Amino acid sequence: MLATPVPQLSFRAVLLAVILATVLAAANTYLGLFAGLTIASAIPAAVVSMAVLRALGGGHILENNIVQTGASAGSSIATGVIFTVPALVMLGYWQDFKYGWVLAIAGLGGLLGVLFSIPLRRSMIIEQNLAFPEGKAAAEVLRAGEGQGGVKVLAFAGLLGGFGKLAAASGLRLIPDTAAISSWVGKGVAYLGTNLSPALLGVGYIVGINIGIVIAAGGVIAWHIAIPAWLTFFRDSDPALAATVAGLDATRAAFAVWSAKIRYLGVGAMLIGGLWTIFALRGSLLTGIRSGLQAARSSGPDTRAETERDIPMRLMLIGLVLFTLPLLALYQAIVGQWSVSIPMTIIMIVAGFLCSCRSRPTWPAWLDRRTTRSRA
């Protein structure tokens, strides 16, 4: 047992986590709607958490971990909203976005995601030893205590990005939004361009070279292969679009074909990639469920280290039921058809569990060594 309990789930930790989660969720919502992808927020959350708690008189590493974990959930919630809720508008059930309903859906979905991560933590991080680069990087920030220097870097980067946005076409119009060149080549279009947004530059730096190459490859396939191929060989399959494209310049024609036909290639690629990830992790998912059920059946006092204890599976199952029922009622109130709301709820539960393993921060082994020094 710890000789002196260290602060963890303190009031200031929860308050700071909520504030940071709100800010990071807003930033990721903008980036997701603008760029089509969101960025991880555990690392900036860890940096800001360290600096703020230090300014308030210091904070134990476990308290910092509470803040960065709660704050990093903001990006997950934003992703869950912007990539799913617009479907209600596209399907015609909503004519606009209703703040109260979106808040309720995001809140219940976020709580379910936290519950689902409980049986997966031990299996995927400890037993399977899977690499979660974001979690490991955040852990290193907390261990090194680099909050002050990191905040200066974040502040400088924010100011630099702000000036860049101000100088862009949405501000003083000193810098154009895009740099592009295009021309008709026979029946096809030759197009080469890039977006000059500071936000996209920052996203590219954060996601790294590997994901950047994948995104660039998708752009090459779409703009240099798929669009010219459709204009050259498949134009007659859609006479209305072909007639529209014929009266446009090369750039507008390329964007018209991309919007009507080609962008669905990217959607399909994301769906297949997600399904393949789930299939590849099937063993870890089953192991996580099995480990949680075994822990629920065990009796006697819990003698494990404090950093190795999970919420009991029994309470997780109770919470699952308590949050699923209002979610079903929420969907029914939105769509008004049980034939739609029940499948929506089932899909939400199944997909939420399968996808909750993809962004859980790591609880690294060094944290045990760090807390061991405080033990009696």
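Note down the net charge around V89, summing +1 for each Lys or Arg and -1 for each Asp or Glu among other residues with Cβ under 14 Å from its Cβ.
Details: positive: K98; negative: D96.
In short, 0.
If neighbour count is taken as other Cβ atoms inside 10 Å, put D236, D310 in order from fewest to most. Walk me through the numbers before you get to the answer.
Working: D236 7, D310 17.
Starting with the residue having the fewest Cβ neighbours, the order is D236, D310.
Show me the ranking of peptides 172-182, 243-253, 187-197 by mean Cβ neighbours inside 10 Å, starting with the highest.
Numbers: 172-182: 12.3, 243-253: 14.4, 187-197: 16.3.
Those peptides, ordered most packed to least, come out 187-197, 243-253, 172-182.
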- request: Once you have a ≥ b ≥ c as the square roots of the Cα gyration tensor eigenvalues for the stretch 178-279, tell me rounded if a/c is under 1.5, and otherwise prolate or oblate according to whether a/b is larger than b/c.
  value: oblate
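Only the coordinates and a few stated rules stand behind these numbers; no lab work does. Please read these numbers as outputs of a predicted model, since none were measured by experiment. Note: ideal-geometry Cβ built from the backbone for every residue, glycine included; neighbour counts use all protein chains shown.
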